[in-house]
Amino acid sequence: MKISELSIQELYTIVNGDNMPSLYRKGKDLVMLFNKYGGYREICDEKGLPSINKANGQRPSRKEFTIHHLRELNGTDALRAILEVIVKESSSPEECAQIINTIITNDGYSVVEYNGIYSITGDMVNHNNDIINEAKFTKIQNDILIALSKAKISVWVAVAWISNIVIVNKLEELYHAGVDVKILLNRDYTNHKYFPETDIPVFEKRGRGGGKMHHKFCVIDNQVVLHGSYNWSTNAETKNDEGITTTHGDLQMATAFSLKFKELLNDAQPVEK
């Protein structure tokens, strides 16, 4: 997990627990935190926090110590683990997660909750910054299944109409494997009649002007976006002229779609099962 210097400067107060819902950590607590998750072997002594080789030879403040270690761990899985434990041990995990989200969203990451467990989605796996767009106009179901099969953390689906049982079964398989799967549908008779039964959390809403929730996109692990005209329906696969584009590597786009999904979900209603 790699974040910007600005994000590091904003995150240190959350790690330290200064006037935050996160747990307040004294100097020795911070040393234990970074030792456990960052692989350090440091100790506090009578002079205070371990040296970070300041020019004046003085020992660091809590702020300086935390920022120094966050910088050293930036770009490693240890940073992700530390932020996840900060949320876990908070007195208000939901509030803590929201604060962290406002900071790391611009880096292509987000904190998501599944069955009370908070994890950070997104990963800078595309080191060459290559953005790949794959447009398909036939046999689209297969491309969706291939993309879904690679999901590790989250699959957020906002599609006006869904009746394709093959795709829903794949989503349910991911859901029961621990992936954060959520589905948002248009609120209408068609979905009430044809949407398959599932254990997945399903929500519905109308368009903000009283019309249709007409989006057709899916965000996978906050990295891959599927978008186009294709409803996840039997007719779309077998009868209609449709198209879908799968975008890999555009983290800015993925984050924009993730934020849009959260916005749509704010005033959506759970579908009664």
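Values in this text are rule-based calculations from the coordinates and carry no lab data. All figures in this text were calculated on a predicted structure; none of them were measured in a lab. Positions of Cβ are generated from backbone atoms using ideal geometry, with glycine treated the same way; all protein chains shown enter the neighbour counts.
Summing -39500 (n - 2.57) over the DSSP H runs of n ≥ 4 in the chain and dividing by its residue number, what mean residue ellipticity at 222 nm do you reach, to the nearest 500 deg cm²/dmol?
-12000 deg cm²/dmol
Among (1) 75, 39, 34; (2) 50, 41, 37; (3) 61, 43, 41, only one was calculated for this model; which label is it, if the read-out is Cα extents along the principal axes in Å?
Comparing each candidate, only (1) matches the computed number.
Quick one: of the DSSP bridges fully inside segment 132-270, what percent are antiparallel, nearest 5? Could the numbers behind the result be given before it?
Values: 21 of 31 bridges.
In segment 132-270, approximately 70 percent of DSSP beta bridges are antiparallel ones.
Tell me the net charge near residue 204. Cut-off is 9 Å between Cβ atoms, residue 204 excluded, with +1 for each Lys or Arg and -1 for each Asp or Glu. It would help to have the intermediate numbers written out before the result.
Numbers: positive: 187, 205, 206; negative: 188.
Neighbour charge sum, excluding residue 204 itself: +2.
What's the angle, to the nearest 10 degrees (0 to 90), between helix 140-149's Cα axis and the longest principal axis of the chain?
Compared with the principal axis, the helix lies near 30 degrees.
Set Lys and Arg Cβ to +1 and Asp and Glu Cβ to -1, take the dipole of the chain about its Cα centre, and tell me which of 7, 215, 109 lies farthest positive.
7
Determine, for each peptide in 78-89, 23-34, 96-107, 261-272, the mean count of other beta carbons within 10 angstrom over its residues, then list the peptides with the highest first. Intermediate values should be presented prior to the final figure.
On the way: 78-89: 20.4, 23-34: 17.2, 96-107: 18.8, 261-272: 13.2.
Going from most to least packed, we get 78-89, 96-107, 23-34, 261-272.
Local charge sum around residue 245 (other residues, Cβ-Cβ under 12 Å, Lys/Arg +1, Asp/Glu -1)?
Cβ neighbours under 12 Å give a net charge of -2.
State the Cα centre-to-centre distance between segment 31-56 and segment 157-183 in whole Å.
46
Please report the antiparallel percentage of the DSSP beta bridges confined to the chain, to the nearest 5.
Taking every DSSP beta bridge within the chain, about 75 percent pair in antiparallel fashion.
What size of dipole, in debye to the nearest 20, comes out for segment 5-121 about its Cα centre when the only charges are +1 on Lys and Arg C-beta atoms and -1 on Asp and Glu C-beta atoms?
Computed about the Cα centre, the dipole is about 480 debye.
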